[in-house]
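Student: Provided herewith is a single structure, encoded as structure tokens, for subsequent inquiry.
Any read-out appearing in this document is the output of simple, stated calculations on the displayed coordinates, not a laboratory observation. Fair warning: this is a prediction, and the values are worked out from it, not measured in the lab. Note: ideal-geometry Cβ built from the backbone for every residue, glycine included; neighbour counts use all protein chains shown.
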Amino acid sequence: MAIGTFILLGILLAFFLYVVMIYNNLVRLKHNVSQAWSNIDVLLKQRHDELPKLVETCKQYMKHEREVLEKVTHARAAVGKAREAGDVAALGAAETGLRRGLMNLFAVAENYPELRANENFQHLQNRISQLEAQIADRREYYNDSVNANNVRIEQFPDALIARSFNFGPRPLLSFEPGEIKDVNVKELFGG
């Protein structure tokens, strides 16, 4: 074999290894996005399980606030549906509705001192507030992972490999600008 053949084989091998390296990095980014979504999903499920307990506790005291409680219940259902479908855009809209409902619920609860003094209500407030903070943190990590994935599949030469193997962009999880801040239960109740 001629030396030119070895050089050509070396170049082809280097090119193949470069393509494999890009492909593996794209796979890693795709799985990072999936893992970040799973982290959010776990927290959403935990909060989803806590909300009925909060509504039931409030029902015992807030007999005349049926509409407020129904809004939280409907918003919870919308979040659950979007979460189960993995529909990031619908989840963002549903989360906005749920956050509004919770803010309204906690604001109305201020008119019920017996409710605010209830140990179960206080526990649920704290638990939901903690979950909201964790969801916000995980949403940031998810969006960072999505951004890294989306940038990488648009960059040359990665874009060529991404298109060849059907690596697509992933949606960011966003809420309405006024709804980005967490539900601050302590602020609502002056404590």
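Student: Most mobile of Ala14, Ala82, Ala94 per a Gaussian network model of the chain (Cα springs, under 10 Å)?
Tutor: The residue that fluctuates most here is Ala14.
Student: Moving on. Once the Cα atoms of helix 119-154 and of the chain are each reduced to a long axis, what angle between those two axes, in degrees from 0 to 90 to the nearest 10, is obtained?
Tutor: Value to nearest ten degrees: 20.
Student: A follow-up question, please. For a test of understanding, tell me how many lysine pairs in the chain have Cα atoms under 29 Å apart, given they are 8 or more places apart or on different chains.
Tutor: For the chain, the number of qualifying lysine pairs is 26.
Student: Could you tell me which residue out of Ala94, Gly80, Leu13 lies farthest along the dipole of segment 3-188 toward its positive end? Charges go on the beta carbon: Lys and Arg +1, Asp and Glu -1, centred on the Cα centre.
Tutor: The one lying farthest along the dipole's positive direction is Leu13.
Student: Going out from 0 in 10 Å bins, what whole percent of all Cα-Cα distances in the chain drops into each bin?
Tutor: 8, 29, 23, 15, 10, 7, 4, 2, 1, 0
Student: Still on this structure, please answer the following. Of the options Asn166, Gln134, Asn111, report the single residue whose Cα projects farthest towards the positive end of the charge dipole of the chain (beta-carbon charges: Lys, Arg +1; Asp, Glu -1).
Tutor: Asn166
Student: Taking the Cα centre as origin and putting +1 on Lys and Arg beta-carbons and -1 on Asp and Glu beta-carbons, what dipole magnitude results for the chain, to the nearest 20 debye?
Tutor: 340 debye
Student: In degrees, nearest 10, range 0 to 90: what is the angle between the Cα axis of helix 88-109 and the longest Cα principal axis of the chain?
Tutor: Compared with the principal axis, the helix lies near 20 degrees.
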